[in-house]
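Working notes for the structure below.
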Amino acid sequence: MYIILGYIAGFLGIALGFFIHFAILSNQTSFGVPFFTPYIPYTDLSKNENLYIQPVWKRERRDQYLNTQKPESQSHISMKWRQNGK
Amino acid sequence: MENNFYQISKYEAIALIIIIMINKLILNIPYYIIDLVGSGAIVNIIYIGIIDFIVTLIIVKLLKRFENSDILDISEFLGGKILKTLIGIISIALFLIVSFITIVDFSNVLHIIYFSDFPIIYILFFFIIGILIVNFVGFKSIIRTICFVTPFAIISVIVAFFTIWSDLDINNLTPILGQSYHQNFIVGLSNTFSMYIIVYFYFIKPLLKDSTGYKKIAIISYIISFILLLLTVISMLTLFNTTSNSEPINSLFLLSRQLELGTFIQRIDALFILLWIFSIFSYLSFVVFLINRIIKKLTNISNEKMLTFPICSILIGLTLIPINVSQIHFIESTLYKYLVLGFMFGISLVILILANFKKAKQ
Amino acid sequence: MKKHLLITSLFLIILFILTRFSSSSGLDNFYFIIAIALDTSDSGIKLSVQIPSNSTQDSSGNSGSSQSSEYQLYSVEGQTIDECISILDNYLNKEINLSHCSAIVISEDLAKQGIQTYINTLSNNTELRHSCNIIISSSTAYNILENISNSGAIFSARLYDYLTSSYEYTGYTIKSTFGEFYQALKNDYYEPTAIYAMNSDDTIQTTGIAVFKADAMIGTLDVSSNIAHLIAVNKLNSATITLNNPFSDGEKIDLDINLYKKTDISVDIINGSPLITINVYPEGSISSSGTVFNYIDEEKIKEVENTSNKYLEKIFKKYVYTITKEYNSDIVGFKGICQSNYLTKEEFEKIHWDEIFKDSYYDININTRVNSSNLFNKQ
């Protein structure tokens, strides 16, 4: 699609195609959550949602866009056995 | 009026206003400021920035009594349907003229620089088709694409400023007060049209999810837009002489042609043009959406999305009027300037003040 | 509703495909030229271009590589640059593209006639980079292209670098790019300058700068004045000056100088003529001397500093009086500095700077600081 647009009008066509593509995508939802969620309808970037994912024992909060009943999924020190064992 | 469309949050509203400002910067508005007052542009802009900030605060204060209403609802409250229709027609005319100037100016820039083989009507068609399709998708997508484009557009303006920071020549910025006191402060008062975003402060209140945050949105977006305008004007002043006789087609583009980050990054203007195409698309779609909404308020049509077809046809007709660049410059420097000034400070302020008196009596 | 949208958009797309929209010109249809030369001729100007001869045949291998070692020169005469380029396009059957142009060479005769039209034409060309260099040649510009073509340099992208980058370490010329030249031409505050290259039959040597007034060249500055010019505009990287050894006659000391503080220029109008005060702060290190002397001794260092001050003052005076009295061309930007003393332009225009610049007086103070030396021996 972009190739045809590029043939027609150079980078103007590609920019137009990208713009319309982005507009259509931003309307979509995946399982009820909008597509570009943490960035475009700006919700607080909790630590789980960025480029890097934390290790399993550090994921203490659930994602904010899910609108869960309990936002915390683990307590602060989840590996209690490790601490108590010392 | 029922709000059966997407409500926008605080960040989205701020991004919306900033993208409007950036579009004005792309379209050579700083050039007209510098043309009028010469090297005193910095002092002039700070002076009109303060004046416009006071006007913004007045508008926010006056709109406080009217929850969730824009200028059309207030004019209906003040003078009935006649005044509402009048204000509606004036605002539609304003937005139509602004959007047609935007399209024609930018298409001419693209035509001269990149697409000199095509007739200009093809480039115009491309913009119109983009607006058509995106308006049919919906308001939500317009706002979200604006949120996506705005950070990049801000970064492009700031990068343009910082790469010429090393070439900053203070002598180009002097004499500080420009040609003369009279020219700078009295004739330069007409430069208040550069903060065009104030027109949109009249219209966005009903779109907001939470109208109590209106004051914060207005102040933050005004300050950021003002800083961007100041940076652009400083960069243009340092690079271009104020006494030369030639009229640049698009000053920001010429500025970006001369930017160099070392020997690796040269000719950033191609990337900038891409960003600016995005910002102009998003801005134009939002303006057409506003026009649709105004017509819907005036006439009670149920499906306002179909209105994009006649609006776009009118736009095509309007864009074919100017034949060459000098006509566009004439329209921008006289018709657009005084129309915006009249609407911003004339009619709307008077209506707001009178409506506040009327409400205070009740 | 969705079906209608789909059908109309498809129809529009097909409509556009049928009308031939894009100009299909790829890399094979261009000649990327390396340098342009402009000379005078009977019918206007003579434009010569330098094209690498291998680069356009590599379309299947590494395309876009312009590193080749054989060059072809073509010349054509015409009235304007655009006319010459179209004649060349016709002759060569391919379009000329200026986006890799690294030098514009102009002959002295043409520069003396005025080059505003040519610079304007070139600046309207969107492909030309503003970082390409401008060189003025003492004989014909075509000669320079010929000499460089025969010099045996391997990489075409670096051909003109050895001519133009010597300012970084010798201080014998300046960096003059097209963008700076164009701005200086449009600017009111200072006049343009360009690299001046003397060429004989086989050799090219950049000696000093060419001074312009408005758009016509009026003279040149030699090497010592060039160092003074670089100091005055704060663009000196490093230079080597040779002083008379104060401790023994007939021998010399070399000093590597650079600036440890920016040159301070202030302009005052006294009795209708400008008094220009220039404070220079060079910092030097002794790089060689004939007789070895005890250079750690403070008095000896002061002697060297005094000698350096006198020498630099002498070349500075020669430089400023050349540009003021002989050429009447303000290449440093004194007008802009004077303008910053006034609040509005009306007040500044009352002093008529252009007429009083010729009568300026100069007060030059040099404060050399010799901080160390590169000598390894001490006696």
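The values are calculated or read from the model by the stated rules, or taken from the named source; none is laboratory data. Note that this is a predicted model, so its numbers are computed, not measured. So basically every Cβ, Gly included, is an ideal-geometry build from the backbone, and we count neighbours across all protein chains shown. Ligands, DNA and RNA are stripped out before the accessible areas are found, and what is left, the full protein with its side chains, is counted by its heavy atoms. Shrake-Rupley method; radii C 1.70, N 1.55, O 1.52, S 1.80 Å.
Tabulated data for the structure shown
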{"item": "Condition met for B:L86 (in contact with a Ser or Thr (Cβ under 8 Å, 6 or more places away or on another chain), without any contact (Cβ under 8 Å) to a residue 12 or more places away in the chain and assigned to a helix (DSSP H, G or I))", "result": "yes"}
{"item": "Selection status of C:Y321, more than 13 Å from chain B (Cβ to nearest Cβ) and within 20 Å of C:I209 (Cβ to Cβ)", "result": "yes"}
{"item": "Odd one out for B:F281 among (1) touching a Phe, Trp or Tyr at 6+ places or on another chain (Cβ under 6 Å); (2) without any contact (Cβ under 8 Å) to a residue 40 or more places away in the chain; (3) not small (G, A, S)", "result": "(2)"}
{"item": "Residue within the stretch C:119-140 that is open to solvent by 60 Å² or more (accessible area, probe 1.4 Å), modelled with pLDDT of 85 or more and outside any strand (DSSP E or B) present", "result": "yes"}
{"item": "Matching residues in the stretch A:14-43 - criterion: being under 19 Å from B:A270 (Cβ atoms) and either in contact with a strand residue (DSSP E or B) (Cβ under 8 Å, 6 or more places away or on another chain) or facing another protein chain (nearest Cβ under 7 Å) (or both)", "result": "A:A15, A:L16, A:F19"}
{"item": "Close pairs (8 angstrom Cβ cut-off, 6 or more residues apart or separate chains): within 14 Å of another protein chain (Cβ to nearest Cβ) and touching a residue at least 12 places away in the same chain (Cβ under 8 Å) in the stretch B:221-239, part of a helix (DSSP H, G or I) and among the hydroxyl-bearing types (S, T, Y) anywhere", "result": "B:M236/B:Y31; B:M236/B:S251; B:L237/B:S39"}
{"item": "The stretch C:331-361, residues that are in a loop (DSSP other than H, G, I, E, B) and open to solvent by 20 Å² or more (accessible area, probe 1.4 Å)", "result": "C:V332, C:S340, C:N341, C:Y342, C:L343, C:K350, C:I351, C:H352"}
{"item": "Counted residues, the stretch C:237-251 - those being within 17 Å of C:N309 (Cα to Cα) and either part of a strand (DSSP E or B) or open to solvent by 10 Å² or more (accessible area, probe 1.4 Å) (or both)", "result": "9"}
{"item": "Unmet requirement for C:N199, which otherwise passes all of (1) open to solvent by 30 Å² or more (accessible area, probe 1.4 Å); (2) touching a residue at least 60 places away in the same chain (Cβ under 8 Å)", "result": "(1)"}
{"item": "Elements of type helices (runs of 4 or more DSSP H) contained in the stretch B:266-337, each with 2 or more residues being open to solvent by 50 Å² or more (accessible area, probe 1.4 Å), within 26 Å of B:I112 (Cβ to Cβ) and more than 14 Å from every other protein chain (Cβ to nearest Cβ)", "result": "B:325-330"}
{"item": "Number of the exception - B:F203 against (1) assigned to a helix (DSSP H, G or I); (2) touching a residue at least 12 places away in the same chain (Cβ under 8 Å); (3) away from chain C (no Cβ under 12 Å)", "result": "(1)"}
{"item": "Filtered residues of the stretch C:202-231 (kept if open to solvent by 40 Å² or more (accessible area, probe 1.4 Å), of a type in the set (S, T, N, Q) and under 23 Å from C:H130 (Cα atoms))", "result": "none"}
{"item": "Tally of residues being within 15 Å of B:F201 (Cβ to Cβ) and hydrophobic (A, V, I, L, M, F, W, C) across the stretch B:63-82", "result": "5"}
{"item": "Scope the stretch B:150-200; condition in contact with a Gly (Cβ under 8 Å, 6 or more places away or on another chain), among the small types (G, A, S) and at the interface with another protein chain (Cβ under 9 Å from one of its Cβ atoms); matching residues", "result": "B:G178"}
{"item": "Set C:S68, C:S55, C:S75, C:S99: member being surrounded by 14 or more Cβ atoms within 10 Å (Cβ to Cβ), modelled with pLDDT of 80 or more and over 22 Å from B:F115 (Cα atoms)", "result": "C:S75"}
{"item": "Set C:I296, C:I286: member being open to solvent by 50 Å² or more (accessible area, probe 1.4 Å), at pLDDT below 85 and either among the small types (G, A, S) or not in a helix (DSSP H, G or I) (or both)", "result": "C:I296"}
{"item": "When residues of the stretch C:362-379 are limited to those that are at pLDDT 85 or above and assigned to a loop (DSSP other than H, G, I, E, B), the one surrounded by the fewest Cβ atoms within 10 Å (Cβ to Cβ)", "result": "C:N367"}
{"item": "Which numbered condition A:P34 misses (of (1) within 26 Å of B:L132 (Cα to Cα); (2) at pLDDT below 75)", "result": "(2)"}
{"item": "Which numbered condition B:G88 fails, given (1) under 26 Å from B:L208 (Cβ atoms); (2) under 15 Å from the mean Cα position of the chain (by Cα)", "result": "(2)"}
{"item": "Candidates B:L96, B:L132, B:L110 - the one that is part of a helix (DSSP H, G or I), out of contact with any Cys (no Cβ under 9 Å at 6 or more places or on another chain), at the interface with another protein chain (Cβ under 10 Å from one of its Cβ atoms) and among the aliphatic types (A, V, I, L, M)", "result": "B:L110"}
{"item": "First in the stretch C:93-120 and over 15 Å from C:C132 (Cβ atoms) and free of Cβ contacts under 8 Å to residues at least 40 places away in the same chain, second anywhere and of a type in the set (V, I, T) and open to solvent by 10 Å² or more (accessible area, probe 1.4 Å), Cβ under 9 Å, 6 or more apart", "result": "C:T117/C:T80"}
{"item": "Residue that is surrounded by fewer than 19 Cβ atoms within 10 Å (Cβ to Cβ) and either modelled with pLDDT under 90 or within 14 Å of B:I351 (Cα to Cα) (or both), where the choices are B:E67, B:E76", "result": "B:E67"}
{"item": "Residues being more than 21 Å from C:S9 (Cβ to Cβ), of a type in the set (G, A, S) and in contact (Cβ under 8 Å) with a residue 40 or more places away in the chain - total across the stretch B:94-149", "result": "1"}
{"item": "Verdict on B:I154 being among the aliphatic types (A, V, I, L, M), in a helix (DSSP H, G or I), open to solvent by 20 Å² or more (accessible area, probe 1.4 Å) and at pLDDT 85 or above", "result": "yes"}
